[in-house]
Each structure stands twice: as structure tokens, then as C-alpha cells.
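A quick write-up on the structure given underneath.
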Amino acid sequence: MKRSFPYFKPLAVAAATLMLCGAAHARDLTIASWGGAYQDAQRTVIFTPFAEAEGVKFLEDTYLGGYAQFQAMLDTGLIPWDVVQLETAELTRGCEEGVFVSLDYSKIDKSKFVPGFATECGVGTVTFSVLIGYNTEKVTTEPTKLTDFWDTNRWPGKRGMRKGPKLNLELALMADGVAPKDVYKVLNTPAGVDRAFAKLDQIKPHVQWWESGAQAPDWLMAGDVELSIAYNGRIDTAKKEGLPLEMIWDGTVYGADRWAILKGGEHVDVAYKFVKFATDPQRQADFTKFFPYGPTTVEGQKLVPSDRTGSLPIGANLATGLQSDSPEGLDFWVDFLEELTERWNTWAAQN
């Protein structure tokens, strides 16, 4: 007899089937993540092994970022997902507004996580960084520190930066000499915000603003920019493909994505098992072989293969960096994101 294995179905197809068959049909465990090659890697290392181990079927969907999809759940009462990977700012808001389950840590070992990566409604899944990337074949002298990004005399040419105030204000203050531990304290003052914008004024004429993470390595390879702020994963992936790109960890801004369980989802108990499975330290370490984001568990970071540690936002690579989703960082952006985005847009539009 042919054995029947667990499987996943694209959510759009499954949803259409449910609509045709009538409303009262339970769906399978539904996992939402960021899509693309990243979610392909998750399927290989996490989703399919979990389904086979538990004997369950699962669906996948893509989370588009932001809060609109969660607001729709609050407005309609329709919960299409059971577990989702998201950034900490959206997690914090959703936790306060009752979108996510307040986690029962008798079901998940909180002590295994790096301090700060297990919170009321979410546990860390991967660490990521933004940092300086450059093309080794395009620079005459290789940069080594964050302040080099502002040195247009030694490194003339364009700069690539992510569009928007988040991360850029932090990078500007660190480049201006503010210690990482003091960045959000300084930004919480009008003078500190003015200082960050003044530092950005120094390189504004040289900047090309990117909106997609893929643009940074593309621009570096094409010679459109001399240096670029980029995601470590994008630079590392390009390096694996044989492209002459490198990255600087000095002054990196890093954070963690989290798994959260949807309140009112159909499979809360299975979702707990999934989160526990997905954050197993060995599994997190294995994931780094497929994608260059770091483990959020203490043991997982120790289990990372030695040939991968230099490419991941873990350990010594974060020594001079800033955690953007620290309590101070989250409080700052919850309070001032709208105001600073408005100021940023006005500033960016000026010659």
C-alpha cells in the first residue's frame, strides 16, 4: 500500500476550495512567512519535517509586512493563519491589541533563547542585520568601519541606503560618534533627531535610496554605488554565487524576527508544537546552511558550523552593533514613527 505523507497546498487554492464547498470546513494548520527563497528554505528545514513528525497537513501563505493584514483580522474576526513570522514592532502592537496569543511558557522553554528574544507574544526565529556592503573589485581601498561610509573623499561615488527613517537615523548617530547603547536615548530628544538629520545631510547628495533589499547588491555589482547599506543575507547570498561582494560588521543594526500564534486560530495547540519544533537549537543551526540569518537560541548559536559564523549576525559580529528591536528601540519607533516619517519625506524631497 502506498504511504500517504503530510503535504502543503498553496493557500489561495485551498481557500478557493473552501469557498466552493461551503463555509463550515476546517482548514489545515496554516503558516505565514516572508515567501521567496527564504520560505523555500523554511519548508525544507522546518515545515515539511514538522508535518511528517506530527502527522499533520499544512498550508502556507505569504505575510506582506506591516499591520494591514492583522487589522483586517481584528475588523472581520476571520483568522486565516495559525502561526506567522513577523518583525517585532508589528508583534508588539498586535500583542497589545489582542491579535496574538500571550504565550504559555510551560509549553516552550523560554530559557533557551538569547535574552530579549522571547517576549510575551513571540519568540525569536532568526537574527538579521543591515550593514555596509561593497564590491571588492570596485574600491581601491577596502573600508573597515561605519564612518567610512561618510568619507566621500577616500571613497568617492554614490551611496545606497534604505528609503525611510528607520535604521538610517540610528546609523547616522553611530557614525557621528554616539555609542550604540546611547542611540535611542539621544534620539528621544529633539536635538538628537536634528543631529541625526544633520549627519545624513553630509551624504544626502551622494545617496540613491533603495526600497527592495535586492537592489543593494545589484547596484554594487553594476557600479551604480560605491558603498551600500544592505542586508547581510543579500550580501552573503551574492558571495555564495561567486560575486565579489563583502560586508562590514562595524556599526551594524540588527534585530530578530519572531514566531507568533494567532489568537482565535483553529490550531493553537498544534501551533505551539510548531513553534517549539521551529526553534529547536540544532534545527536553527541547520537552517544557517540554507540561509544566512542567525539562530535566536543560545545553544543554536554555538552549534552553527564554523565556516558560517563570519556571515551571520551572531556573537562577535554584533560587538559594535545596535539592537533595533530592544525595548528602547521599540518604544521609540512606536512613539515617533509617524512623525519622523513625515519629517523624512519632507527632508528627502528637498534638494
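Bear in mind that the values in this text are calculations on the coordinates, not laboratory data. Worth saying up front: this structure is predicted, and the values here are computed from it rather than measured. So basically every Cβ, Gly included, is an ideal-geometry build from the backbone, and we count neighbours across all protein chains shown.
Take peptides 68-78, 146-156, 283-293 and line them up by average Cβ neighbours within 10 Å, highest first, as a rough protection proxy.
283-293, 146-156, 68-78
Between ARG154 and GLN350, take the C-beta separation as r, use R0 = 35 Å, and let me know the FRET efficiency to the nearest 0.05.
Efficiency computed from Cβ-Cβ geometry: 0.80.
Would you mind counting up the charge near ALA41? Only other residues with Cβ under 11 Å from its Cβ, with Lys and Arg at +1 and Asp and Glu at -1.
Taking every Cβ under 11 Å from that of ALA41, the sum is 0.
Taking the alpha-carbon set of the chain, what are its Rg and Dmax in Å?
Final numbers for Rg and Dmax: 21.3, 73 Å.
If packing is taken as the average count of other Cβ atoms within 10 Å, what order do 58-64, 345-351, 93-99 fall into, highest mean first?
58-64, 93-99, 345-351
Along the Cα→Cβ direction, 7 angstrom out, place labels at ALA191 and VAL298. What is the inter-label distance in nm?
Computed distance between label sites ALA191 and VAL298 equals 4.0 nm.
Lys and Arg at +1, Asp and Glu at -1: add these up for the other residues within a Cβ distance under 12 Å of VAL101 and post the number.
Around VAL101, the charge tally is -2.
If Lys and Arg each add +1 and Asp and Glu each add -1, what is the summed charge of the other residues whose beta carbon sits under 11 Å from the beta carbon of VAL139?
Charge balance near VAL139 sits at -3.
By counting other Cβ atoms within 10 Å of each Cβ, how are MET247, MET221 ranked from fewest to most?
MET221, MET247
In the range 150-182, which residues have a backbone nitrogen under 18 Å from the label point lying 7 Å from GLU342's Cα in the Cα-to-Cβ direction?
Those under the cut-off are 164-166.
So what is the diffusion coefficient of the range 238-292 in µm² per second by Stokes-Einstein at 10 °C and 1.306 mPa s, using a Kirkwood Rh over Cα pairs?
109
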